[in-house]
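The values are calculated or read from the model by the stated rules, or taken from the named source; none is laboratory data. Everything numeric in this text was worked out from a predicted model, so none of it was measured. Reconstructed Cβ throughout: ideal geometry from the backbone, glycine too, with neighbour counts over all protein chains shown.
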Amino acid sequence: MSSPDVLNDGRGDVRQDLDDDVRREGGEVLREGGDVRRDLDDDVPSGGGDVLNDGRGDVRRNLDDDDRSGGRDVRRDPRRDPGMRLLASEVGLTFRRPRNLAMLGVLAVVPVLIGVAVRLASGDSGATLIAQVAGNGLVLTFAAFAVMLPLVLPLAVSVVAGDSIAGEAAQGTLRYLLVAPAGRTRLLALKYANVVIFSLAACTVVAVAALAAGLVLFPVGSVTLLSGTTVAPAEALLRAGLVVLYAAAGMAALGAVALAVSTLTEAPIGAVATSVVLVVVSQVLSAIPQLSAVRPYLLTSWWTSFDGVLRSPIATEELGHGLLAFAAYTAVFGSLAWARFSAKDITA
């Protein structure tokens, strides 16, 4: 082993320049501005990782595909993606808030109350969904959506969507979210994705609660559809799943409207109230016969089209028109939200 040379870097510091035979496997020591760094060869890190210098005195390890991950490229791990981390954080925060948990609890209680009311009521016959609940508990799921889609579900979704941007601005956290690598467009997309997830969760809670209450309170058997055809319980459950997806799509479209309103104000209660008022006004306009010409253009007019699932064969044309209306509302109001948010001055 050769003796090391002691060098002075001109700043009063003494550093050792180790010879090549001191280091293992052919590592080279580089001197840059008085700093000593080690450039390891491919055979030093496990799996062939390269250690790179970023020019700021930091040494970083660029791991190969087979290193530390059993063949997985850790640089492309979605768990390390800032957008996915932000979405996971947003979803977790949404479902941990006591307010949102309380709303989900209310959504679960309402179908139970409907079932109890039907159970205690006198045996009235009829062709409505509510009247059929007493004879078959599976029908309670469809009856619950018929009751809750006009206002209860929209209110819950409006609270979450209206608070998405305005709530962050009111709390003074919006500017800190924009510091993250996500960017405005991605942040807005993640906020809307969170609304979609909550919409699906809310509709699922309604369906599960109604199904559980129906099984406990009423007999279960073959379901008679609105078209008069009878289907087996298993098929009825599949149709209930389609209703959940269709209702969630309608609520997601409302979420796009509420999100657009949320970008216009820093008061979350204002965004929520505006969204709910729009729903109520749309419902009123739909109920006026003289305004039947505008009814196809109202978002709320398509929410109750889920009854196409209760026909044999399934009214795919009606459901398709409803989904197109939901997509159109999402595209239009999503674009408005993006245009406003991307040019908005963030002051809080």
Cβ-Cβ distance below 6 Å, separation of 6 or more or different chains: which pairs start in segment 262-275 with a residue that is closer than 17 Å to Ser335 by Cβ and assigned by TED's automatic domain parsing to the domain that holds Tyr192 and end on one that is in a helix (DSSP H, G or I) and aromatic (Phe, Trp, Tyr)? Thr263/Phe341
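When you check Ala189 against the structure, is it at pLDDT 90 or above and within 23 Å of Val309 (Cβ to Cβ), yes or no?
Values: at pLDDT 90 or above: yes; within 23 Å of Val309 (Cβ to Cβ): no.
So Ala189 fails the test.
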Residue identified as touching a helix residue (DSSP H, G or I) at 6+ places or on another chain (Cβ under 6 Å) and assigned by TED's automatic domain parsing to the domain that holds Ala169 among Thr304, Thr300: Thr300
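Matching residues to (1) surrounded by 13 or more Cβ atoms within 10 Å (Cβ to Cβ); (2) assigned to a helix (DSSP H, G or I); (3) of a type in the set (A, V, I, L, M):
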site: Thr274; (1), (2), (3): yes, yes, no
site: Val279; (1), (2), (3): yes, yes, yes
site: Gln290; (1), (2), (3): no, yes, no
site: Thr300; (1), (2), (3): yes, yes, no
site: Gly308; (1), (2), (3): yes, yes, no
site: Pro313; (1), (2), (3): no, no, no
site: Tyr329; (1), (2), (3): yes, yes, no
site: Trp338; (1), (2), (3): yes, yes, no
Say whether the condition of being over 26 Å from Ser282 (Cα atoms), at pLDDT below 95 and either outside any helix (DSSP H, G or I) or touching a strand residue (DSSP E or B) at 6+ places or on another chain (Cβ under 8 Å) (or both) is met by at least one residue in segment 162-169. no
Out of (1) more than 14 Å from the chain's Cα centre (by Cα); (2) closer than 18 Å to Gly92 by Cβ; (3) modelled with pLDDT of 95 or more, what's the single condition that is false for Val206? (2)
Within segment 102-122, can one find any residue that is surrounded by 20 or more Cβ atoms within 10 Å (Cβ to Cβ), in the same structural domain as Ala331 (by TED's automatic domain parsing) and farther than 26 Å from Trp302 by Cα? yes
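Which is farther than 21 Å from Ala207 by Cβ and under 24 Å from the mean Cα position of the chain (by Cα), of Val243, Val261, Val280? I'd like the intermediate steps shown before the answer.
Details: Val243 fails: farther than 21 Å from Ala207 by Cβ; Val280 fails: under 24 Å from the mean Cα position of the chain (by Cα).
Just one listed residue meets the conditions, Val261.
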For residues that are among the polar types (S, T, N, Q) and in a helix (DSSP H, G or I), scanning just segment 88-147, find the one that is farthest from Gly162 (Cα to Cα). Gln132
Out of Val243, Val294, which single residue is of a type outside the set (Lys, Arg), in the same structural domain as Lys191 (by TED's automatic domain parsing) and at pLDDT 95 or above? Val243
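Being of a type outside the set (Gly, Ala, Ser) and buried (at least 18 other Cβ atoms within 10 Å of the Cβ), is that true of even one residue in segment 172-182? Before the answer, list the steps.
Let us first name the residues in segment 172-182 that are of a type outside the set (Gly, Ala, Ser), namely 173-179, 181.
Still in the list and also buried (at least 18 other Cβ atoms within 10 Å of the Cβ): 174, 177.
Within segment 172-182 (the criterion being of a type outside the set (Gly, Ala, Ser) and buried (at least 18 other Cβ atoms within 10 Å of the Cβ)), the answer is yes, since at least one residue qualifies.
Is it the case that Leu254 is in contact (Cβ under 8 Å) with a residue 24 or more places away in the chain, under 22 Å from Glu168 (Cα atoms), within 22 Å of the chain's Cα centre (by Cα) and not in a loop (DSSP other than H, G, I, E, B)?
On the way: in contact (Cβ under 8 Å) with a residue 24 or more places away in the chain: yes; under 22 Å from Glu168 (Cα atoms): yes; within 22 Å of the chain's Cα centre (by Cα): yes; not in a loop (DSSP other than H, G, I, E, B): yes.
When the stated conditions are applied, Leu254 passes them.
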Looking at segment 98-115, I want the residues that are under 13 Å from Leu155 (Cα atoms) and have a partner that is among the aromatic types (Phe, Trp, Tyr) and at pLDDT 95 or above with Cβ atoms under 8 Å, at least 6 apart or on another chain. Which pairs are those? Asn100/Phe198
